[in-house]
Amino acid sequence: MKFNVQGFGHYIQFGLQIGVTMAMPVLLGFWLDRRYETGMVFTLTGVFLGFVSMVWTIIKTALELNEKDKREKKLKKENGD
C-alpha cells in the first residue's frame, strides 16, 4: 500500500507555525515574569498575544489557500478540464 506523502509537508509546516506562534510570546512572558518578579502579568500578556497571532496566522493561511484554490479552478476551467 502506497501513501501520498507529498502534501504532508504543508501540514507539518502549518502545525509548527501555529505552535511557535503561540509558544514564543508565552515563553517570553514567562521569562520576563521570572526576571522581574511581576507575578503572571507578562505571561498572561504573552498568552493573549500568542492567541491573537495564532488566530491571525490561521486566517491568513485560510485566505491564501482559498485564493490558490480559486486560481486552480480558473485554470482548469480555461483548459477545459
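The values are calculated or read from the model by the stated rules, or taken from the named source; none is laboratory data. Remember, predicted model here, so these are calculated numbers, not experimental data. For neighbour counting, all protein chains shown are included, and Cβ atoms are generated from backbone atoms with ideal geometry for every residue, glycine included.
Couple of notes before you dig in:
- Just one residue in the set T61, T38 is part of a loop (DSSP other than H, G, I, E, B), surrounded by 11 or more Cβ atoms within 10 Å (Cβ to Cβ) and either touching a helix residue (DSSP H, G or I) at 6+ places or on another chain (Cβ under 8 Å) or in contact (Cβ under 8 Å) with a residue 40 or more places away in the chain (or both); that residue is T38.
- Residues of region 1-23 classified as modelled with pLDDT of 95 or more and over 25 Å from L65 (Cα atoms), total: 0
- Test: residue in region 19-26 that is surrounded by 13 or more Cβ atoms within 10 Å (Cβ to Cβ) and either touching a Cys at 6+ places or on another chain (Cβ under 7 Å) or hydroxyl-bearing (S, T, Y) (or both): yes
- T45 surrounded by 13 or more Cβ atoms within 10 Å (Cβ to Cβ), touching a residue at least 40 places away in the same chain (Cβ under 8 Å) and either not acidic (D, E) or not in a helix (DSSP H, G or I) (or both): no
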